[in-house]
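Have a look at the structure below, then the notes.
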């Protein structure tokens, strides 16, 4: 049976199977779980989702599994931020702190799974001895050695 030529097809992210556009899920179509995307929670989620995707090198190099992990990380972060906001106005219960800690640890493990825990590479800001002497005395170390002789 030949495919319907009137229907638009799109190739799945993996490129393996053609899928009718109208038969894809809302998440595949870029919809955020059928909620109002203008709300504070949804806007923050979207910002974090795109930030984590950028940290991983961009949308085009990620697998579907990596995108799913990023969705979980962004969801956890939004919820953790809201919990921190609640903690700022009232004392947290022991159960709330335990839940907060568990979600934080789960998020950290997911971040490590993606490899974005490494973050930006640290720079060595400590000058070597020659640079220090040059900055301190304004002379080249070769010149300083020559004056000592």
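The values are calculated or read from the model by the stated rules, or taken from the named source; none is laboratory data. This one's a predicted model, so the numbers in the text were calculated from it and none came from an experiment. Glycine gets a Cβ as well: all are built from the backbone with ideal geometry, and neighbour counts include every protein chain shown.
Assorted remarks:
- Verdict on residue 129 being more than 21 Å from residue 43 (Cα to Cα), in contact with a helix residue (DSSP H, G or I) (Cβ under 9 Å, 6 or more places away or on another chain) and at pLDDT 90 or above: no
Let's see how each residue does on (1) farther than 21 Å from residue 114 by Cα; (2) surrounded by fewer than 16 Cβ atoms within 10 Å (Cβ to Cβ); (3) touching a residue at least 24 places away in the same chain (Cβ under 8 Å):
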{"position": "39", "(1), (2), (3)": "yes, yes, no"}
{"position": "52", "(1), (2), (3)": "no, no, yes"}
{"position": "58", "(1), (2), (3)": "no, yes, no"}
{"position": "62", "(1), (2), (3)": "no, no, no"}
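- In segment 97-107, the residues that are over 19 Å from residue 46 (Cα atoms) and under 15 Å from the mean Cα position of the chain (by Cα): 104, 106
- Restricting 67, 44 to those that are more than 10 Å from the chain's Cα centre (by Cα) and closer than 23 Å to residue 99 by Cα reduces the list to 44.
- Residue within segment 78-96 that is crowded, with 17+ Cβ neighbours inside 10 Å, at pLDDT 95 or above and within 15 Å of the chain's Cα centre (by Cα) present: yes
- For segment 40-56, taking the residues that are in contact with a helix residue (DSSP H, G or I) (Cβ under 7 Å, 6 or more places away or on another chain) and over 12 Å from residue 70 (Cα atoms), the one that is modelled with the highest pLDDT is identified as 44.
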